[in-house]
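Novice: Dropping a structure here in structure tokens format, bear with me for questions.
The values are calculated or read from the model by the stated rules, or taken from the named source; none is laboratory data. Just so you know, these numbers come straight off a predicted model, no measurement behind them. Reconstructed Cβ throughout: ideal geometry from the backbone, glycine too, with neighbour counts over all protein chains shown.
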Ligand code: PMP
């Protein structure tokens, strides 16, 4: 594997960052998870846009332009001879002193890793997933805003540990007010009486690129899409439920906190959205 670091490619074994990088010391930085399908990078512009928004929110000036980051991402995939794969684009605050003040970090570092990903066991896509709500709530907007895709993922990791402890693959995270926010690395959707719903960003959801794509596909298919405040009750009584994420793609959910969703099988509308999503991922994007 060849890894891009600050303009150069390194063999995996030599792809190293300093122990004084504040990305490592404090989780100070931002990232994106991007996917390539069939020789094209899906929604690349949207991912780089979001990287810029995250960087702005943490007052970090990216050391490369939008166009340069797009090109470096495509180059890294090409260099690794991938046509289908997953890219992790990371920008750390850079090397600084041992104190946390980002003023000591003069040069943010850009790291691009291109490989493969399988977030969930493949059989779950056919069977549907069992998930639980967990005690750890999603970060407050007034603390670490959940819209920032920062290197500080402990909030989500704690929730994932709680899902692991409960013997399931994924957790539903509520916000501090008890409304549904999202899952640890995926957005959540329900379908009720033919309408598609997902929590608003103000509930603590990340502005997911897959979320946006699925909302567009659904609208274009004549499905009513809305972003209401949702509670666990709404999840339990949904006809269908699914998760979305670049890595996860679209994962049907068939049980939440022991309540069977719909008939306990991936729903019809969910399956139609999966089909349309893959038709799009296989036919659009930035050529590699
Ligand atoms: N929520 C969180 C917390 C995430 O980290 C992610 C990305 N894995 C998502 C939702 C899904 O976002 P996207 O569709 O842009 O990958």
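Novice: Consider residue 162 against the criteria (1) away from the ligand (no atom under 12 Å from the Cβ); (2) out of contact with any strand residue (DSSP E or B) (no Cβ under 7 Å at 6 or more places or on another chain); (3) part of a helix (DSSP H, G or I): it satisfies all of them except one. Which criterion is unmet?
Specialist: (2)
Novice: I'd like the residue in the range 41-59 that is closer than 19 Å to residue 245 by Cβ and touching a strand residue (DSSP E or B) at 6+ places or on another chain (Cβ under 7 Å) and, out of all such residues, is surrounded by the fewest Cβ atoms within 10 Å (Cβ to Cβ).
Specialist: From the range 41-59, those closer than 19 Å to residue 245 by Cβ are 41-51, 53-54; that's our starting set.
The next check asks that each one be touching a strand residue (DSSP E or B) at 6+ places or on another chain (Cβ under 7 Å); those that pass are 41-42, 44, 47, 50-51, 54.
Details: 41: 22, 42: 23, 44: 23, 47: 22, 50: 20, 51: 23, 54: 24.
Here the residue is 50.
Novice: When both residues are 6+ apart or on different chains and their Cβ atoms are under 6 Å apart, which pairs have a first residue that lies in the range 146-167 and is at pLDDT 95 or above, and a second that is away from the ligand (no atom under 13 Å from the Cβ)?
Specialist: Hits for this filter: 148/57; 151/23; 151/27; 151/29; 152/27; 159/134; 162/134; 166/132.
Novice: For the range 204-214, check the following and say yes or no: at least one residue is under 19 Å from residue 258 (Cα atoms), touching a helix residue (DSSP H, G or I) at 6+ places or on another chain (Cβ under 6 Å) and touching a residue at least 40 places away in the same chain (Cβ under 8 Å).
Specialist: no
Novice: To continue, here is another question. Can you tell me which residue is surrounded by the fewest Cβ atoms within 10 Å (Cβ to Cβ) among those in the range 213-251 that are in a strand (DSSP E or B) and away from the ligand (no atom under 16 Å from the Cβ)?
Specialist: The initial filter retains those residues of the range 213-251 that are in a strand (DSSP E or B), namely 225-226, 240-245, 249-251.
Filter once more, keeping what is away from the ligand (no atom under 16 Å from the Cβ): 226, 240.
Numbers: 226: 10, 240: 25.
Taking the candidates together, the pick is 226.
Novice: Would you say residue 173 is more than 20 Å from residue 122 (Cα to Cα), free of Cβ contacts under 8 Å to residues at least 60 places away in the same chain and assigned to a strand (DSSP E or B)?
Specialist: yes
Novice: Can I ask one more? Are any residues in the range 20-37 out of contact with any helix residue (DSSP H, G or I) (no Cβ under 9 Å at 6 or more places or on another chain) and within 16 Å of the ligand (Cβ to nearest atom), and if so, which ones?
Specialist: Within the range 20-37, none qualify.
Novice: Just to check your reading of the model, which residue among 67, 72 is surrounded by 13 or more Cβ atoms within 10 Å (Cβ to Cβ) and at pLDDT 95 or above?
Specialist: On the way: 67 fails: surrounded by 13 or more Cβ atoms within 10 Å (Cβ to Cβ).
The conditions single out 72.
Novice: I've got another one for you. Is at least one residue of the range 185-193 under 26 Å from residue 54 (Cβ atoms) and surrounded by fewer than 20 Cβ atoms within 10 Å (Cβ to Cβ)?
Specialist: Restricting attention to the range 185-193, the residues satisfying the condition of being under 26 Å from residue 54 (Cβ atoms) are 185-189.
From what is left, the residues that are surrounded by fewer than 20 Cβ atoms within 10 Å (Cβ to Cβ) are none.
Looking for residues that are under 26 Å from residue 54 (Cβ atoms) and surrounded by fewer than 20 Cβ atoms within 10 Å (Cβ to Cβ), one finds none in the range 185-193, hence no.
Novice: Oh, and also: Within the range 176-209, take every residue that is assigned to a loop (DSSP other than H, G, I, E, B) and over 22 Å from residue 144 (Cβ atoms) and give me the one that is nearest to the ligand (Cβ to nearest atom). Before the answer, list the steps.
Specialist: Filtering the range 176-209 down to residues assigned to a loop (DSSP other than H, G, I, E, B) leaves 176-179, 184-186, 193-194, 198-200, 204-208.
Cutting the leftovers down to over 22 Å from residue 144 (Cβ atoms) gives us 193-194.
Numbers: 193: 25, 194: 23 Å.
Checked the range 176-209; the qualifying residue nearest to the ligand (Cβ to nearest atom) is 194.
Novice: Suppose the filter is modelled with pLDDT of 95 or more and not in a loop (DSSP other than H, G, I, E, B); does residue 111 pass it? Steps first, answer last, please.
Specialist: Details: modelled with pLDDT of 95 or more: yes; not in a loop (DSSP other than H, G, I, E, B): yes.
Yes; evaluated as a whole, the condition is true for this residue.
Residue-wise test of (1) in contact with a helix residue (DSSP H, G or I) (Cβ under 6 Å, 6 or more places away or on another chain); (2) at negative phi.
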| residue | (1), (2) |
| --- | --- |
| 14 | no, yes |
| 18 | no, yes |
| 39 | no, no |
| 64 | no, yes |
| 80 | no, yes |
| 84 | no, yes |
| 96 | yes, yes |
